[in-house]
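The values are calculated or read from the model by the stated rules, or taken from the named source; none is laboratory data. Note that the structure is predicted; figures quoted are calculated from it, not measured. Backbone-built Cβ (ideal geometry, glycine too); neighbour counts: all protein chains shown. The accessibility values were calculated without ligands, DNA or RNA, using every heavy atom of the protein model including side chains. Shrake-Rupley method; radii C 1.70, N 1.55, O 1.52, S 1.80 Å.
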Amino acid sequence: MDNEKDYIIQCENLIKIYKSSDIEVVALQGLDLSIEQGELTAIIGNSGSGKSTLLNMIGCLDKPTAGKLVVDGKDLFKLSKNDITKYKRDTIGFVWQNNARNLIPYLSALENIELSLSIGKNKNKRERAIELLEMVGMSHRKNNILSELSGGEQQRIAIAIALSNNPKILLADEPTGSVDTATSNQILGLFRELNEKFNLTVIIVTHDRQIASKVNRVVAIRDGKTSSEFIRKRSYAEELQNLKEGSVNSEEETHVELAVLDKAGRLQIPRDYLSALGLEDKNKIKIELDKDRIVLYSPEANTNEEKVG
Ligand code: ADP
Ligand code: MG
């Protein structure tokens, strides 16, 4: 990985073990992930793969067990209690699937936001609340009470609240989990807009592959480790432009899959690649440098013949 870059989030070999009286769950098993300032990233993975655990570590809601976790220049292992409170307030905004349940149904959209603004800090709460409503495209609904708003609109209010302290990073855990496809597309659109307009770093955890296909960078997590990454070949904006011009080939793959290479040079090879060559039960495989590529193959393979093909 490129050390020159300024990463706003750096996880290296991150481990999280949950311990209760008699059992231990290793939720993160040496996870590597680096995110640049201003990136919008989706994290996908099956239920139980460690997605929420990862977000909770980045958001400092819980402490990792071991590894490296540096966010916005701060080593999260070394923060004092006060630092943690400050970090959670100033650096991170959190959006959950059922955020709206923390809102008050009989207050208006505007009042809900005003209520959430910390006392003393925002001198003119009304002004700031109006500004936040505008950021999430809800100005026209400011006087509607919450229970008059749709699920998607309520989620927008929750996002406005998450933005109230101007966080550098917005973490969203299954933010579209309880809304229909059209609404979930709108919410994704809002995240993209916030990302582009304010250079906000956004991480969206989702099991929704539809959502994932619409962002530039998708990180797949399996068993508490990053397993592979999918990077969009063209930006989403370019793709929309192509769509408008009618020059899009729908058969064409939008993303390239990249394997994750950790600091120690370890590589995770996608399981289906291994099984395609019958290598799943091997613990050693042949590796060879061939000019501009590294070739992996079965120890039994006749390499000369293979290379000709
Ligand atoms: P995901 O969000 O991908 O569904 P989680 O991060 O919630 O996965 O969970 C990863 C693993 O850690 C699961 O096996 C889960 O049961 C376990 N886990 C999560 N939170 C706790 C906790 N507070 N105590 C014990 N085990 C937990
Ligand atoms: Mg989860």
Handout entry: Lone qualifier among Lys286, Lys282, Lys291 - being surrounded by fewer than 11 Cβ atoms within 10 Å (Cβ to Cβ) and out of contact with any Asp or Glu (no Cβ under 6 Å at 6 or more places or on another chain)
Key = Lys291
Exercise for the section: Determine which member of the set Asp22, Asp62, Asp32 is among the charged types (D, E, K, R), more than 19 Å from Asn199 (Cβ to Cβ) and surrounded by 18 or more Cβ atoms within 10 Å (Cβ to Cβ). Expected result: Asp32
Completion exercise
If we take region 38-118, then helices (runs of 4 or more DSSP H) inside it with 2 or more residues that are away from ligand 1 (no atom under 16 Å from the Cβ), of a type outside the set (Lys, Arg) and over 26 Å from Ala129 (Cβ atoms) are 81-90
Practice task
With respect to Leu55, determine if the residue is open to solvent by less than 10 Å² (accessible area, probe 1.4 Å) and within 16 Å of ligand 2 (Cβ to nearest atom).
Solution key: yes
Exercise for the section: Determine, yes or no, whether Gly48 is free of Cβ contacts under 8 Å to residues at least 12 places away in the same chain, within 16 Å of ligand 2 (Cβ to nearest atom) and over 15 Å from the mean Cα position of the chain (by Cα). Expected result: yes
Practice task
Test Thr41 against the criterion of being surrounded by fewer than 20 Cβ atoms within 10 Å (Cβ to Cβ), β-branched (Val, Ile, Thr), assigned by TED's automatic domain parsing to the domain that holds Ala172 and at pLDDT 95 or above, and give yes or no.
Solution key: no
Practice task
Looking at (1) under 24 Å from Asp223 (Cα atoms); (2) more than 16 Å from ligand 1 (Cβ to nearest atom), find the lone condition where Asp22 falls short.
Solution key: (2)
Handout entry: Those residues of region 5-37 which are farther than 14 Å from Val70 by Cα, among the aliphatic types (A, V, I, L, M) and in a strand (DSSP E or B), in sequence order
Key = Ile17, Val25, Val26, Ala27, Leu28
Practice task
Assess whether Lys74 counts as being at pLDDT 95 or above, in contact with a helix residue (DSSP H, G or I) (Cβ under 8 Å, 6 or more places away or on another chain), of a type outside the set (S, T, N, Q) and within 16 Å of ligand 2 (Cβ to nearest atom).
Solution key: no
Handout entry: In region 159-197, the residues that are β-branched (Val, Ile, Thr) and within 16 Å of ligand 1 (Cβ to nearest atom)
Key = Thr176
Practice task
Could you check, for region 55-63, whether at least one of its residues is closer than 20 Å to Ala212 by Cβ and either touching a Lys or Arg at 6+ places or on another chain (Cβ under 9 Å) or at pLDDT 95 or above (or both)?
Solution key: yes
Fill in the blank from the handout: Output for Cβ contacts, cut-off 8 Å, separation at least six or different chains, first residue on the phi > 0 side of the Ramachandran plot in region 161-190, second surrounded by fewer than 21 Cβ atoms within 10 Å (Cβ to Cβ), reads Asn166/Asp90; Glu174/Trp96; Glu174/Gln97; Glu174/His207
Handout entry: Flag for Glu4 being away from ligand 2 (no atom under 16 Å from the Cβ) and either crowded, with 19+ Cβ neighbours inside 10 Å or at pLDDT 95 or above (or both)
Key = no
Exercise for the section: Looking only at region 163-176, decide whether some residue is modelled with pLDDT under 95, open to solvent by 30 Å² or more (accessible area, probe 1.4 Å) and within 20 Å of Leu132 (Cα to Cα). Expected result: yes
Exercise for the section: For region 21-33, state whether one or more residues are more than 16 Å from ligand 2 (Cβ to nearest atom) and of a type in the set (Ser, Thr, Tyr). Expected result: yes
